[in-house]
Structures are given as structure tokens and as C-alpha cells.
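I have placed the structure first, in the form of C-alpha cells, so that the comments after it can refer back to it.
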Protein chains: 2
Amino acid sequence: MANVIDEIASYLAPDLARVDEHLGEILDSDTALVREVGKYVLSTRGKRLRPILAMLAAKVFKYAGEDHTKVATALELVHSATLLHDDVIDKAPLRRGKPTVNARWGDDVAILIADYLFSHAFSLALSTSVSPKVLSIICQVTARMCEGEMFQIEKRKALLTRDDYLRIVRGKTAYLFSACTALGAILARAPEQQVMLLSAYGLNFGIAFQIVDDTLDLIASDDEMGKPHWADIRNGKLTLPIIYVFETASGKDLKQLTECWENGRDPDVIVPLIEKYGGVQYALSEARRYASTACEQLADFPLSEPVNMLCRLADFVVERRN
Amino acid sequence: MANVIDEIASYLAPDLARVDEHLGEILDSDTALVREVGKYVLSTRGKRLRPILAMLAAKVFKYAGEDHTKVATALELVHSATLLHDDVIDKAPLRRGKPTVNARWGDDVAILIADYLFSHAFSLALSTSVSPKVLSIICQVTARMCEGEMFQIEKRKALLTRDDYLRIVRGKTAYLFSACTALGAILARAPEQQVMLLSAYGLNFGIAFQIVDDTLDLIASDDEMGKPHWADIRNGKLTLPIIYVFETASGKDLKQLTECWENGRDPDVIVPLIEKYGGVQYALSEARRYASTACEQLADFPLSEPVNMLCRLADFVVERRN
């Protein structure tokens, strides 16, 4: 499979270049440490899925303005800021194969540069001619992401149900994707009904994305992940493959899993149980289901390059290995 | 001296009650931990100086709308959020005599609840009918506060000059006060020239406030401070009383101070040197100078209750002992 991300990046090349310009402008600070750390953060970004989704969604409705690159940049900044705070919270040493900001400069710097990026996300969104609605969605999604993380912390010592897990996934990941596609549509003044469809696409895309992300922690090598695997097990984060084993195992296996989860969480005990019950395969099949649901939202749209790309992107997200 | 804060709180009682209502509404979250921690944060607030300044500034221009309480709440939320992040950064155990959120719930919860408050600060400001200019000032001041903190970190191992110190004080503290009074004036549609005067009042007020705060770390008892004193010395934060000793001492004293500051920073060596050179008295005289400059900005305003209160508040800030 040719990498659909490369193809989309080429299709959106001028727009992504504008996003990079906006990001660069944000680092224009009097404070050397802000410039240094900010540059590092922006140079270690990932696949730029959030700006890509926002801008593709705008192009579904033939948006021809300039504001979509600013809104896409704002969404990318919100994402980068939350990753920075997440890495402090998880005491993560690596992200995408490179030292995290907290590992390299300390928690204080990571917290502050994230706050700086948050402020600039809102500033950038404000600098557009878009409606207060756009801004209000960005604020809402940021608050919801915090609530998702707080709910995860609240449940840290509990055995998560599947509903709890999905609530966390929506909060931590899917609402932001949903905001991306919804905002693209809103920018292009799409009718309310179509905004809802794009929003639902993003939500389902995001759930698929996060479920796959959680399986990668179990199956990818450290090299593919760019960070130590089994981190979720070690951090006591219950994800779908393990929840599935809790749901389907019984007798000795369930007893062993429960005891192990509550005491030390040894991956050498947990991983074989996931394998025995096919937890990863099950989770991936669920991810595929959410990705299909994402695509179905677009079924009634006239076929176009961006609609086609959004659908292929949803498939790609399930097949990816990093 | 009758407590001017109480008098102002009584003058602004209906407005402050609305601020409390707005704050309460923000805690209306589905996530129990958000409600619990949020309530704790809001119940351990301080003197509410920022909303007070914003609302007094609006009243200088006879503002009669409703938006000033929302903007004042947003500013208070930005302040609360930055305190939460500061306490994580400083690993502070106490604030105003109570355990900090990081001490009680952990760094993760403190970081996230602060992000939650930030988001709601912007949401609340957005929900007003005010101009994008107001929102943009809130974003700018938030970014500047991060830059101030980052500059302090960048200079952590250096011997701060007075200019460096003042840059940090403006960034960490004074710009937010300046935004408060400027926004109050802008809300009331004050002419540009008067907005500048109110902005300058807030900036000078904020510098005076922070200089006094820094002296309290040296002279107040733990009880008065509500947190362990000499914390700045222990954390390696150079403040005006010590910078003054660096500037004025010579020979043996300067050598001793320099060596001690670079190695271990024993308060039992540093505090007597500050006393010998009158560092605290000097810093307080500087604070008084900034407070006077704050009041001078208002000299040409027709005398009114809010103008009078702003002036007395600047004096109070220098005389306070907690």
C-alpha cells in the first residue's frame, strides 16, 4: 500500500507549508529558551493528522479561503501542548524515538512551553475572520480533553469497563479529531447536517486511531514505536485488548489476570493471556469497525479527491504500525 | 489601617458574587475528580486582586454592563491556572496555608485541572459580547507569563541583574495586573489614552506587588505566608533584596555572598548579609516607588470612589504582610 499520508501531504503541500509558516511565527519570542524548546517540539512532530483532517474537511466543501491553515495550526498546537503535558504526567522518556521535552529540559520547561503553545493556539484562531463558534469549539475540546485525562486518573485504581475505556478514548483523542473535521466544514460554511457528518467522521476516526495506538503498545517493537513498549501495562492503563480478556476469560485465567493486574502488572504474565484470547486481534477488529463507520458518514457526499482521501486515511489508521 | 480590601470587596459585593457564580458554573463537569479538585482550587483562592482590579477599572469609566464580571472571572482563572502550574514546577507543598493540589492529588491532576481552567477562561471571555481585542489581550498575557517563567528558568544558574529580575517580575506578575486594569477600561470603552494609563497603573501595581511578595519570603513567618519561608533562596531565585546586596556589597561580604549563592545557598549566611545591607528595606522602598507611580497614572482622573480605591489598593499592597 502506497503511503496515503505522503499522497495527502503532496495534495495539501501548499496548505501544510502555510501551517509550518504559522508554527514558525509562533516561536518568534524574546526568550531564547522558548525559541530553542519550541523549535525542538515542532521539529519532532508526527504525521500532522489533525491539520490534515481539518484542511481536507474544508476542501470537501471547496473552501477557498486562507483561514483553514490558521485553524489547522491552532489544532496542531493544542495537540502538541497536550502531548507535552501528557509526557510530564507519564514521566515519558521518549516520544517518536527522541527524548521528550521533560526528559531533556525538565518538567517545568515542558509544562510552560505547552502553556505557551496553548495561548498561541487561541491567539491564532482569534486572528482569523471566523465566527466565535470556531473559537468556542477549540476551547470546548480542550476542556473535554482535560476531563478525559482526569477521568482516567480518577479510574486509575479501578478495573475499567469498556464504557469507561471508550469515554477516556473519546476525551483524550477522538473529540479533538472530531473538532478538526467539524471545524474544516464550519470554515467552509457547510450546512449544519454536513458539519455533523464530518464531526461524526472525526469522532469515529479518532476512536479507531486510539484503539490502534493502544494495541501498538502491545505488539510494536521499541524501534517502531519510538518509545518503550508495554508502557501502558506498566503505567496501569487498561486498554481494549486487556479489557477484552477480562470480559471473555474465566476460571484460572481470569483469576490470574485479576491478581496480576492488581499486583505489579508483570507483562510476562499479561501479554501471554492477551495472546491466548486474541485481545489484539479483537481490538483491531473493533478499530476497523470504527474506521468503517467513519467512512460511512461520507457515503452520500459526491465523490471527490478529499472525500476519497478521508476514507483511505481511516483505513490507513487501522493498518499503520507506528 | 482598616483593611482596604474588605472595603472594596463590600463596594464590589454584587460583582464579586457574580464572579463566584461564574466560577461555580465552570465546575459543572461530568467528571467527579474535576468537580472535587476544582472546588478545592476555588475555595483556596486569595484576595481576588485581579478581578477586583479589572472591575474597579471598569467602574472608573462608569461601566454599566454585565461582561466585566465574566472578563474578571477569566482573568482570575488564568491566575489560578498559572499558580497551579507554578506549584508543580516549584514542587511547592503549601499555598495559603493549605496543601497544594500537586501535594494532595499529584502533579498530573494539578497540570490537568490548570489546563481545564485555562480553557474555561478563554470560553468565558468568548461568551461575552466584547471585541476580539479583549480575547487577544488575554491570550497575549498568558503567552507572556510563560515567557517570563521560561526566562527565569533560562537564567536559573546565572546571577540575575536587576534588569533580568524586573523582566521576570513583569512577565510572571505585572503584565497580568496590567491586562486586568486595561481590560476593565476597554470594556467600558474608555478612550485609548485612558486605557494606556490604566494599563500603566496595573503594570506598576504588579511590579510593586511582586517585589513585596519577594520580601515576604525573607521576613514573614511561615504562618503569615502560609508556606515555608526562605523558599526563594532555597530554590535559587534571586530577588531584589539580594540583588541589592550584590550591587552594593564589596570585599569580603561580596565574596562570601557570591560563594554562598553558588554553593548551597545557606539562608543562615545570606539572610544576615541582607540585614546588614538593608536589602529588604531597599526593596520595600522600591516597591513604594512603583506603587506611587501606579497612583500617579490616575492623577488627572476626576476623583471618584473607584479611583480612590485603586490608589489606596496600591498603598495597601506595599504595606501587606501576607
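The values are calculated or read from the model by the stated rules, or taken from the named source; none is laboratory data. No experiment lies behind these values; they were computed from the predicted model shown. Here the Cβ is made from the backbone with ideal geometry for all residues, glycine too, and neighbour counts use every protein chain on show.
Figures for the structure shown
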item: Every residue from the stretch B:31-44 that is free of Cβ contacts under 8 Å to residues at least 12 places away in the same chain and of a type in the set (S, T, N, Q); result: B:THR31, B:SER43
item: Residue match in the stretch B:173-188 (condition: under 30 Å from B:LEU257 (Cα atoms), without any contact (Cβ under 8 Å) to a residue 60 or more places away in the chain and part of a helix (DSSP H, G or I)); result: yes
item: Residue match in the stretch A:9-30 (condition: aliphatic (A, V, I, L, M), touching a residue at least 40 places away in the same chain (Cβ under 8 Å) and farther than 21 Å from A:ILE113 by Cα); result: yes
item: The one condition in (1) within 14 Å of another protein chain (Cβ to nearest Cβ); (2) closer than 24 Å to B:ALA121 by Cβ; (3) modelled with pLDDT of 95 or more that A:ALA54 fails to fulfil; result: (1)
item: Single unsatisfied condition, B:GLY264 versus (1) surrounded by fewer than 14 Cβ atoms within 10 Å (Cβ to Cβ); (2) not in a loop (DSSP other than H, G, I, E, B); result: (2)
item: B:LYS47 vs. criteria part of a loop (DSSP other than H, G, I, E, B), away from every other protein chain (no Cβ under 14 Å) and touching a residue at least 60 places away in the same chain (Cβ under 8 Å); result: no
item: Odd one out for B:ARG167 among (1) within 11 Å of chain A (Cβ to nearest Cβ); (2) within 25 Å of B:GLU25 (Cα to Cα); (3) modelled with pLDDT of 95 or more; (4) surrounded by fewer than 24 Cβ atoms within 10 Å (Cβ to Cβ); result: (2)
item: The stretch B:102-132, residues that are of a type outside the set (A, V, I, L, M, F, W, C), more than 8 Å from chain A (Cβ to nearest Cβ) and not in a loop (DSSP other than H, G, I, E, B); result: B:ASN102, B:ARG104
item: Any chance B:GLU286 is surrounded by 14 or more Cβ atoms within 10 Å (Cβ to Cβ), at pLDDT 95 or above and not aromatic (Phe, Trp, Tyr); result: yes
item: Residue that is farthest from the chain's Cα centre (by Cα), among those in the stretch B:170-217 that are surrounded by 20 or more Cβ atoms within 10 Å (Cβ to Cβ) and basic (Lys, Arg); result: B:ARG170
item: Lone unmet requirement of (1) crowded, with 22+ Cβ neighbours inside 10 Å; (2) farther than 23 Å from A:PHE177 by Cβ for A:ARG50; result: (2)
item: Residues of the stretch A:122-164 satisfying the condition of being touching a residue at least 60 places away in the same chain (Cβ under 8 Å), crowded, with 18+ Cβ neighbours inside 10 Å and among the hydrophobic types (A, V, I, L, M, F, W, C); result: A:LEU124, A:VAL130, A:VAL134, A:ILE138, A:VAL141, A:MET145, A:LEU160
item: Total residues in the stretch A:170-197, condition under 23 Å from A:TYR63 (Cβ atoms) and at the interface with chain B (Cβ under 9 Å from one of its Cβ atoms); result: 0
item: Top-ranked residue of the stretch B:21-42 - restricted to ones that are surrounded by fewer than 22 Cβ atoms within 10 Å (Cβ to Cβ) and either of a type in the set (Phe, Trp, Tyr) or farther than 17 Å from B:ALA121 by Cα (or both), ranked as farthest from the other protein chains (Cβ to nearest Cβ); result: B:TYR40
item: B:ARG144 vs. criteria more than 18 Å from A:ASP108 (Cα to Cα), more than 8 Å from every other protein chain (Cβ to nearest Cβ) and not aliphatic (A, V, I, L, M); result: no
item: Boolean, A:ARG104 is modelled with pLDDT of 95 or more and within 27 Å of B:GLU149 (Cβ to Cβ); result: yes
item: Among (1) buried (at least 22 other Cβ atoms within 10 Å of the Cβ); (2) more than 8 Å from every other protein chain (Cβ to nearest Cβ); (3) over 17 Å from the mean Cα position of the chain (by Cα) - the single one B:VAL71 does not satisfy; result: (3)
item: Options A:VAL245, A:VAL195; residue that is at pLDDT 95 or above and more than 25 Å from A:GLN152 (Cα to Cα); result: A:VAL195
item: Some residue of the stretch A:257-272 being under 18 Å from A:THR215 (Cα atoms), β-branched (Val, Ile, Thr) and in contact with a Pro (Cβ under 9 Å, 6 or more places away or on another chain); result: no
item: Filter result for B:SER250 (over 22 Å from B:GLY236 (Cβ atoms), modelled with pLDDT under 95 and of a type in the set (Gly, Ala, Ser)); result: yes
item: The stretch A:300-315, residues that are surrounded by fewer than 20 Cβ atoms within 10 Å (Cβ to Cβ) and under 24 Å from the mean Cα position of the chain (by Cα); result: A:GLU305, A:VAL307, A:ASN308, A:ARG312, A:ASP315
item: Meets criteria (buried (at least 24 other Cβ atoms within 10 Å of the Cβ), polar (S, T, N, Q) and over 19 Å from the mean Cα position of the chain (by Cα)) for B:SER119; result: yes
item: Given (1) assigned to a loop (DSSP other than H, G, I, E, B); (2) surrounded by 15 or more Cβ atoms within 10 Å (Cβ to Cβ), number of the condition A:HIS79 does not satisfy; result: (1)
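Residue by residue, here is whether (1) of a type in the set (A, V, I, L, M, F, W, C); (2) closer than 30 Å to B:ARG50 by Cβ holds:
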site	(1), (2)
B:MET196	yes, yes
B:ALA200	yes, yes
B:PHE205	yes, yes
B:THR215	no, yes
B:THR248	no, no
B:CYS260	yes, no
B:PRO267	no, no
B:LYS276	no, no
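For (1) farther than 30 Å from B:ALA190 by Cα; (2) among the charged types (D, E, K, R), each residue gets a yes or a no:
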residue: B:SER43; (1), (2): yes, no
residue: B:GLY46; (1), (2): no, no
residue: B:ARG50; (1), (2): no, yes
residue: B:GLY65; (1), (2): no, no
residue: B:LEU84; (1), (2): yes, no
